[in-house]
Amino acid sequence: MLRIATWNVHEGVGADGRYDPQRVSRVLHELQAEVIALQEVPLGGPGRYDLTADIDMPPGWQIAVGPTLDTPARRFGNAVLSRYSIEQVRSIDLSFGRREPRGALDADIECRGRLLRVVATHLGLAAAERRAQVRRLLAAFDTDRMPVVLLGDINEWFVRGRALLWLRAHFGVTRPVRSFPARLPLFALDRIWMHPIERMVDVRAHRSRTARVASDHLPVVARIDWP
């Protein structure tokens, strides 16, 4: 099995209001995942934190970053951590009007001798924004070239929201797991889909004591049949 996870890390700031990269690192190790997508990642700037530099990952792991905000004062966005070689990285711009800039980090990862396309994203808060972003994502997928995993914070609160229905129609139905808010999860905001969907064995939220205070979202982990 291949274990893949997604986690909105809330800029590394936990329920106690502290920036604690070592606490984030402990949760990342608990996941025992081989590919991990992160959202709301601080990526540096004058006097600002760079979580990708501060976390403690095993030797040999690779990190790809996809800033959605990239200015001299601040960098912020998505990241993918991988035990395996990240062969190519692309960015998909999902910005919508004057709303907060959004994007997807699109990476080809060589997992045990075969390529897997991993698309990590964080969609917007408005329904019209999410619909436009999902249309853009689906137009960018080439699902015949290699297996594709789409994962991240989808921000869809409504089970019959059109953005969510379009994703289900494209990828198939996967079991939603409640991941937000972390202390008492009520909403399945963090999702993992795969094409072909038959390779996805199961998906669950990671509910350790540390995970419940390290961010306002719980991590979500999927097991994938990867011959």
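What follows draws every value from the coordinates through simple rules; no lab data is involved. Values in this document were obtained by computation on a predicted structure and should not be read as measured data. We place every Cβ from the backbone using ideal geometry, glycine too, and count neighbours over all the protein chains shown.
Residue exposure proxy: 224, 197, ordered by other Cβ atoms within 10 angstrom of their Cβ from fewest to most, comes out as 197, 224. In terms of its C-alpha gyration tensor, the range 141-200 has a prolate overall shape, because the principal axis ratio a/c (a ≥ b ≥ c, square roots of the eigenvalues) is not below 1.5 and a/b outweighs b/c. Which shape class, rounded, prolate or oblate, goes with the range 102-227 when its Cα gyration tensor gives a ≥ b ≥ c as root eigenvalues, a/c under 1.5 marks rounded, and past that a/b bigger than b/c marks prolate? Note, shape of the range 102-227 comes out oblate. If each DSSP helix of 4+ residues adds -39,500 (n - 2.57) and the sum is divided by the residues in the chain, what number results at 222 nm, nearest 500 deg cm²/dmol? The helix contribution divided over the chain gives -5500 deg cm²/dmol. Please state the shape class of the range 1-114: rounded when a/c is under 1.5, otherwise prolate if a/b exceeds b/c and oblate if not, all from the C-alpha gyration tensor. Cα axes put the range 1-114 in the oblate bin. The dipole here belongs to the range 2-224: it is taken about the Cα centre, uses +1 on the Cβ of Lys and Arg and -1 on the Cβ of Asp and Glu, and is about 700 debye. The residue list 28, 105, 185 was ranked by how far each Cα lies along the charge dipole of the chain toward its positive end, using unit charges on Cβ atoms, and 185 comes out on top. Using a simple spin-label model with pseudo-atoms 7 Å out from Cα toward Cβ, residue 26 and residue 100 lie 2.7 nm apart.
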